[in-house]
Structure formats: structure tokens, C-alpha cells
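Structure, as C-alpha cells:
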Amino acid sequence: MQRVHGGIAVRGRSATVAAVCRWYRHCSRTIGADLGSHLWPTASLKAVQKKVNWCWGIAQPALFALLGASVKLHAINPEDLGAGIFIIAISLAVRISVTRLAMFGSTLNTKEALLVCIAWMPKATVQAAVGGTALDMVVELSLGPTAVARAELVLMLSVLVILITAPIGAIGIAAFGPKYLVREIGRASCRERV
């Protein structure tokens, strides 16, 4: 399969993954995610959300299956794995810090802002979409074995980010969401635990 991605023709799994992501972004823009949610009647909005969620339910497994099929576990060097985990840890610390700084001045209390940091930590869709692009480009341009090894490392790190952040984020949201979120009842400022 060959598609044009960013003005460059690519083949293989990354072309398919990139096409799925472009299609999903197109669907998101079509419904006008932020603007549409405020302007559309609730019934229409729910109908469109249902259709987009159904489409994403089909596209998401395909996206991650294609990424997983690209990974060569025997090619992982333990030294690269250690360095990758270190880079991911530093990146997550920076991401959480910047997210927390962005929450200053908001109407969220401290616990709610910390939950936003936890919820924004996991990243998988972008890594799944672009993780194999480097490898496909290297193969397409015949850049040699050194470039292939580096591109495989990029792919491995993309998968590693998904494997580390997705479970941590899911567990963090499930564990801290009910503790950190409160619900306002009626017009009074009476607050109750969710």
C-alpha cells in the first residue's frame, strides 16, 4: 500500500496507520469537537458522538495491531531499553510538571489539577500513528543498516511509551478519580464525594 504522507510517498504499515489517524482527525474536525459541543443540540451531538465512537472502535484496534506487528522483540538491545526507559521517565516528569504549571490560575482545586496531570500522562495514539514512520521512510529511501537500526529503536521506544504510560494512566485515573473529584449538588455549594 502506498500513500502520500506529509508530501512524501510511504508504503507499508505506517502508511496505513497514518491514513487511519488522518481519517480519525477528519472525523473529529467534521463534528467540530470543541465548537460543536457547545452549539449543537444535545440529541444531534450524541448521535454524532455515537457514530464517531463506533468508527474509532474499529480503527483503534487496527492502529495498535499494525504497530505491534512492526515490532521485532529480538532486535531490542538491553542498553537501548535502559536508555529508553530513562528518557521516558525524564519526559514524563517534565510533562507532569508542565501540566501542573498550566493548571495554575485555573478554577480547579489542587486535587483536581493533580488528576489532570495523571489523566494527561498516558499517550498512545500519536506514538502508534508515527512510531513506524521512521522505519518506513528509511526502508523507502534505502538509507542503510545504521539508519534501519535507529528507526527500529524509534519504533521500539514508541511501543515502550505505550506499554508504560497507558497502564499507569488508567490505574491512576481509576484510583485517584473518585478520591480527587467532587460533585456540586444543586445550586448550593454543598459538595459531595463522587
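Given the convex hull of the Cα atoms of region 77-194, what is a quarter of its surface area in nm²?
Convex hull of Cα atoms, orientation-averaged projection: 9.5 nm².
What pairs from K123/K179; K46/K111; K51/K123 go past 27 Å between their alpha carbons?
K46/K111
Find the accessible area per residue for region 58-182; the probe is 1.4 Å, ligands and nucleic acids are left out, and the unit is Å².
Value returned for region 58-182: 57 Å² of accessible area per residue.
The values are calculated or read from the model by the stated rules, or taken from the named source; none is laboratory data. A quick note: this is a predicted structure, and the numbers were derived from the prediction, not measured. Heavy atoms of the whole protein, side chains included, go into the accessibility calculation; ligands, DNA and RNA do not. Shrake-Rupley method; radii C 1.70, N 1.55, O 1.52, S 1.80 Å.
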